[in-house]
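*Asks:* One structure coming up, written as structure tokens, with questions to follow.
The values are calculated or read from the model by the stated rules, or taken from the named source; none is laboratory data. Remember, it's a predicted structure, so these values are computed and weren't measured experimentally. Positions of Cβ are generated from backbone atoms using ideal geometry, with glycine treated the same way; all protein chains shown enter the neighbour counts.
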Number of protein chains: 2
Amino acid sequence: MPARKISDSTVRRLSHYLRILEVLEADGRTTVSSDDLAERGGMTPAQVRKDLSHFGSFGKRGLGYPVPVLRGRIADILGLGREWSVCLVGAGRLGAALYQYDGFRRQGFRFVAVFDNDPAKIGRRWGAVTIDDVADVARVAREREVEIGIVVTPAEGAQEAADRLAEAGVEAILNFAPRKLSVPPEVALRDVNLVIELEGLSFAVTHRGKILASR
Amino acid sequence: MPARKISDSTVRRLSHYLRILEVLEADGRTTVSSDDLAERGGMTPAQVRKDLSHFGSFGKRGLGYPVPVLRGRIADILGLGREWSVCLVGAGRLGAALYQYDGFRRQGFRFVAVFDNDPAKIGRRWGAVTIDDVADVARVAREREVEIGIVVTPAEGAQEAADRLAEAGVEAILNFAPRKLSVPPEVALRDVNLVIELEGLSFAVTHRGKILASR
DNA sequence: TATTGTGAAAGGGTTCACAGCG
DNA sequence: CGCTGTGAACCCTTTCACAATA
């Protein structure tokens, strides 16, 4: 559908719109204007309209956008009209938190495999899933048709995890390890680096007000 | 020091440079070129030089940048030349994972308070810290001079958590709750939304190759 | 009349290319 | 000679402003 490359920021905002629309729909709202959406999401109305216009014309002039229709369309655009098979490489505390995180389930992301390299963990069960050996990622992930892998290992094991996920034919990797991963071009990659987020705040606080004060 | 507003992307890359320089320094490397830094960080050499040039001239032409000096300067620029007092609002699984995360400690972020609204958790100890009632955030965070608050509550409690943190004089908030928070302008805010990251990958995989195929 | 959809303008980050310098 | 530092060019995203229209 999109005729041109869609920017990352636009995709992120689509997720935000979806979240807002879910609430509006639960409240029984039938229409919403770009002004209202922008207000609730902390963006500008023009941005909302421009973002949506990349995918079609969903609104009615003078009226706004139909809430349930738009919610459904954005979910489809984001690829949420189906379930996704996800695996976790790293069964530490962060992995456990993600595994149990309800927000993933709610959008159709299902964990079908969990891996770790700790012999004490391998063989243990997390709900319906048994923890497998990291050494078996390539085989098991392929068998279970994993589409998205989440890397939650320490920095050291992350590249190997990514290599094996790629080998298994996984289509996307979400990386929480604090290092740059190299993946084949056909694998989509996103990084979440928690330390970098805190450092960003540390920077902001440290330089608060100094920006104009310095000249 | 920065004469002009520094972009968010530049600040993020500074964190990346720091991570790389820490490794280089541990390896005993004394100098590094912008080419090398860029290569390791997945950026372009021009970007490395431009980023650094906002804060001064740290390199020697013909030689490159002195590793230990640059590492120290970037750490200072990011505000990491000191310890930061951090608190956690929400003592769930994700909160626990962050609390124990070694990467935070290593950069000088110290947890001095943890809050929850679950009576079963209040009063329990996490290492040296006793879990306090969310109702006491404003008082306790002020007493312990918390500078950065991390919100890891469900969406419902997040705005209240943010309000109380702001009331306590906290300077920055890192928000993991999946909703937009309103904070006073003097409070720095960053959002980490895990569902949005997965949805971004879902979008990428769903539209893989369709970008040019559609016209 | 209210609000969308969208070209055009503005803004801001990235890349280029080269002068400057160790 | 090699590599930095940086103004200028480029490119992409955001904002503006208004014609189109339910």
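*Asks:* Can you tell me which condition B:Ser57 does not meet? The list is (1) near DNA strand D (Cβ under 9 Å from one of its atoms); (2) in contact with a strand residue (DSSP E or B) (Cβ under 8 Å, 6 or more places away or on another chain), and all the others hold.
*Replies:* (2)
*Asks:* With respect to the numbered conditions (1) within 30 Å of B:Arg105 (Cα to Cα); (2) more than 10 Å from chain B (Cβ to nearest Cβ); (3) surrounded by 22 or more Cβ atoms within 10 Å (Cβ to Cβ), which one is the sole condition not fulfilled by A:Leu174?
*Replies:* Every listed condition holds for A:Leu174 apart from (2).
*Asks:* From B:Ala158, B:Ala168, B:Ala172, which residue is within 16 Å of the chain's Cα centre (by Cα) and over 11 Å from B:Leu88 (Cα atoms)?
*Replies:* Working: B:Ala158 fails: within 16 Å of the chain's Cα centre (by Cα); B:Ala168 fails: within 16 Å of the chain's Cα centre (by Cα).
The unique qualifying residue is B:Ala172.
*Asks:* Would you please name the residue that is nearest to DNA strand D (Cβ to nearest atom), looking only at residues in the stretch A:38-47 that are touching a Lys or Arg at 6+ places or on another chain (Cβ under 8 Å) and part of a helix (DSSP H, G or I)? I'd like the intermediate steps shown before the answer.
*Replies:* Restricting attention to the stretch A:38-47, the residues satisfying the condition of being touching a Lys or Arg at 6+ places or on another chain (Cβ under 8 Å) are A:40-43, A:47.
Pick out the ones that are also part of a helix (DSSP H, G or I) and you get A:40-41, A:47.
Numbers: A:Arg40: 15, A:Gly41: 11, A:Gln47: 4 Å.
If we take residues in the stretch A:38-47 being touching a Lys or Arg at 6+ places or on another chain (Cβ under 8 Å) and part of a helix (DSSP H, G or I), then A:Gln47 is nearest to DNA strand D (Cβ to nearest atom).
*Asks:* Can B:Phe109 be described as surrounded by 15 or more Cβ atoms within 10 Å (Cβ to Cβ) and either within 12 Å of chain A (Cβ to nearest Cβ) or more than 30 Å from A:Ala177 (Cα to Cα) (or both)? Talk me through it step by step, then tell me what you get.
*Replies:* Numbers: surrounded by 15 or more Cβ atoms within 10 Å (Cβ to Cβ): yes; either within 12 Å of chain A (Cβ to nearest Cβ) or more than 30 Å from A:Ala177 (Cα to Cα) (or both): yes.
Against the criterion (surrounded by 15 or more Cβ atoms within 10 Å (Cβ to Cβ) and either within 12 Å of chain A (Cβ to nearest Cβ) or more than 30 Å from A:Ala177 (Cα to Cα) (or both)), B:Phe109 qualifies.
*Asks:* Could you list, in sequence order, the residues of the stretch B:187-215 that are part of a loop (DSSP other than H, G, I, E, B), modelled with pLDDT of 95 or more and more than 7 Å from chain A (Cβ to nearest Cβ)?
*Replies:* Those that are part of a loop (DSSP other than H, G, I, E, B), modelled with pLDDT of 95 or more and more than 7 Å from chain A (Cβ to nearest Cβ): B:Val187, B:Asn193.
*Asks:* Which condition does B:Leu88 not pass, out of (1) surrounded by fewer than 17 Cβ atoms within 10 Å (Cβ to Cβ); (2) not in a loop (DSSP other than H, G, I, E, B), if it passes all the others?
*Replies:* So the condition that B:Leu88 fails would be (1).
*Asks:* Further, regarding this structure: Can you name the residue in the stretch A:105-123 that is touching a residue at least 12 places away in the same chain (Cβ under 8 Å) and outside any strand (DSSP E or B) and, of all such residues, is nearest to A:Ala161 (Cα to Cα)?
*Replies:* Within the stretch A:105-123, the match that is nearest to A:Ala161 (Cα to Cα) is A:Asn117.
*Asks:* Also: Please state which of the following conditions B:Gln159 fails to meet, knowing it meets all the rest: (1) within 23 Å of A:Asn193 (Cβ to Cβ); (2) without any contact (Cβ under 8 Å) to a residue 40 or more places away in the chain.
*Replies:* The single condition B:Gln159 does not satisfy is (1).
*Asks:* Also: Can you tell me how many residues within the stretch A:5-37 are surrounded by fewer than 19 Cβ atoms within 10 Å (Cβ to Cβ), away from every other protein chain (no Cβ under 11 Å) and either within 9 Å of DNA strand C (Cβ to nearest atom) or assigned to a helix (DSSP H, G or I) (or both)?
*Replies:* Result for the stretch A:5-37: 6.
*Asks:* Against the condition within 9 Å of chain B (Cβ to nearest Cβ) and without any contact (Cβ under 8 Å) to a residue 60 or more places away in the chain, how does A:Leu181 come out, does it pass?
*Replies:* no
*Asks:* Moving to a separate point now. With the requirement that a residue be within 14 Å of chain B (Cβ to nearest Cβ) and touching a Lys or Arg at 6+ places or on another chain (Cβ under 8 Å), what does the stretch A:59-100 give you? Walk me through it before giving the result.
*Replies:* We begin by selecting, within the stretch A:59-100, every residue within 14 Å of chain B (Cβ to nearest Cβ); these are A:71, A:73-88, A:90-100.
Residues satisfying the conditions are A:Glu83, A:Trp84, A:Ser85, A:Val86, A:Cys87, A:Ala91, A:Arg93, A:Ala96, A:Ala97, A:Gln100.
*Asks:* Here's a follow-up. Does the stretch B:56-75 contain any residue that is in contact (Cβ under 8 Å) with a residue 60 or more places away in the chain and within 22 Å of A:Pro178 (Cβ to Cβ)?
*Replies:* The answer is yes, given that some residue of the stretch B:56-75 is in contact (Cβ under 8 Å) with a residue 60 or more places away in the chain and within 22 Å of A:Pro178 (Cβ to Cβ).
*Asks:* For the stretch B:124-160, give me the residue count where each residue is surrounded by 17 or more Cβ atoms within 10 Å (Cβ to Cβ), among the acidic types (Asp, Glu) and part of a strand (DSSP E or B).
*Replies:* Residues in the stretch B:124-160 being surrounded by 17 or more Cβ atoms within 10 Å (Cβ to Cβ), among the acidic types (Asp, Glu) and part of a strand (DSSP E or B): 1 in total.
*Asks:* Identify, please: which residue in the stretch B:38-83 is crowded, with 16+ Cβ neighbours inside 10 Å and basic (Lys, Arg) and is, among those, nearest to DNA strand C (Cβ to nearest atom)?
*Replies:* Within the stretch B:38-83, the match that is nearest to DNA strand C (Cβ to nearest atom) is B:Arg49.
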